[in-house]
1. Which of the pairs K240/K436; K207/K373; K407/K436; K383/K435 have their Cα atoms more than 28 Å apart in this structure?
2. Which FRET efficiency, nearest 0.05, do E220 and K172 yield, Cβ-Cβ r, R0 60 Å?
3. When a footprinting reagent is the concern and you count Cβ atoms within 10 Å, what order do T349, T209 take, fewest first?
4. Mind ordering 381-387, 338-344 by average Cβ neighbours within 10 Å, highest first?
5. Under a point spin-label approximation (7 Å from Cα along Cα-to-Cβ), what is the R416-V200 distance to one decimal in nm?
6. Which ordering of S105, S87 is given by a fewest-first count of other beta-carbon atoms within 10 Å?
7. Can you tell me which of 420-429, 254-263 comes out highest on packing, and rank the rest after it, using the mean Cβ neighbours within 10 Å?
8. Note the full-extension length gain between E427 and L65 as 0.36 nm times their separation in residues minus their Cα-Cα distance, in nm to one decimal.
Amino acid sequence: MPTSKSSSKPASQAKLSKSSLGAPAQHNQSTRKGKRAWRKNINIEDVEEGLEGMRAEERVIGKPLQKTKDEDLFVVDVQGDEQVRKSLASRFSSRTPLTSTKILSERSAVPAVFSRPSNATSKRKAGQLSYEEKARLLKIAKRPRRGPFNSILDPSEYEAGSGMVGLSEAVKSSGTHDAWAPEVAMDVLPDGMETVQKKVIKPPTVKYTRDIIQVPAIVEPHQGTSYNPPVEAHHELILKAYEAEEKRLRDAEKLAEVKKKMEDSYMVEPLEEGLAAGMKLAEKVLVEDDEAEEEKEERVVKSVPDRKTASQKNKAKRLLAEKRALAERAEHKRMIASISNAKIMRRSTARLLSEQEKKHLERRLALEEKVRKQGLVGQKLGKHKVPQGEVEVQLGEDLSESLRGLKPEGNLFKDRFLSLQQRALIEPRVRVLPKKRRLRIVEYEKHAWKRFQ
């Protein structure tokens, strides 16, 4: 029976659903208790739709829209479409107007009715001033005017609360100026849009040291460094290297002497019996102590001086007053002499100051000239001094008369590094050698081995 066959289909086949893209799918599953059901039946229709849309864009345009620049997709329209305006105008004109628009558009030819005149204006005679007009004229003339509670207002206070005084410029321009907004120049383009001009930054007027230095990056080597140099140039370079080495040795000896003096000052002498550290007991000290004891024994007690009488005290006061008067007189004479010589002293002081300024200027110009020619050689910047390159020279027996037997001298990397320091491009540095980590062995004694008895 065909009917019984169709009705005997399993329930799982009846719940099958097809994907919109044609791929088979089984998303209408009744249960998901097993791992296979979770792994097998996963709905990815939204992912497939997105991928299919990107493929359609790539077929039409050539690449997906998300990889296209904004300039290729959008255009700023500043003029508008005339056809759209005409179509909008014709569309709205064909419609019937609103009832409110019809009522407002209708206007009567009969003039409007005015309100009735008040009793005050009807009773007022021709030429009589109103209260407001009279108050206005009194304000202008600054005449006494009656205020509230029949009080006479002060004319000087008219401006404070009076309406005759006009508004100030600050009140008129209120709300138009932003005090916190940056001052930026605005330019209007022909299309009506505004552009902001960037603020011009003034270059600094400070002179940098590296701008003054005129030392080339690669200095031309001396003739004596050649593999076959002239005799005079080679001798001159050897003398230069000798002077540099001699100066280095003198500095080392001077440093060694200073170090030795410091070590001698810190040395501790052997302790003597009965004395503390640093104490000395010489024979001279013992002799002086014996002499002091003998003097104490032979010393005679002096008598107490007698008290001065009144005449003696007055005489001492007179002598002291005379000495002070003489000192004041001498000081006055010196002051008068200095006043007469004030112009001469001022001129000599100005001459001395000008000479000092001149010497200071000459010293500064000489230093700038030295820096311009040699760079920062020998000057201390920060913790270290800018080093000077070593003189590279070979002795006569080490010279090779051919390029094949030439031995390289110096180091190009070191020369380049010194050149950067001397031209103030990098700060002076000292090579830091890596140190090996020293592990200290810590010994522990177990509790069981402490009591070994």
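1. Values: K240/K436 39 Å; K207/K373 17 Å; K407/K436 34 Å; K383/K435 21 Å.
Correct reply: K240/K436; K407/K436.
2. Working: r = 75 Å, r/R0 = 1.25.
E(calc), rounded to 0.05, equals 0.20.
3. On the way: T349 10, T209 14.
Fewest to most other Cβ atoms nearby, the residues stand as T349, T209.
4. Details: 381-387: 13.0, 338-344: 9.6.
In decreasing order of mean packing, 381-387, 338-344 become 381-387, 338-344.
5. In this crude label model, R416 to V200 measures out at 4.1 nm.
6. On the way: S105 8, S87 11.
The order, fewest Cβ neighbours first, is S105, S87.
7. The packing order, highest mean first, is 420-429, 254-263.
8. On the way: separation 362, 0.36 × 362 = 130.32 nm, distance 5.27 nm.
My answer for the length gained is 125.0 nm.
Readers should treat all values here as calculations from the given coordinates under stated rules, not as data from a laboratory. What you are looking at is a predicted structure, and each value in this text was computed from that prediction instead of being measured. Positions of Cβ are generated from backbone atoms using ideal geometry, with glycine treated the same way; all protein chains shown enter the neighbour counts.
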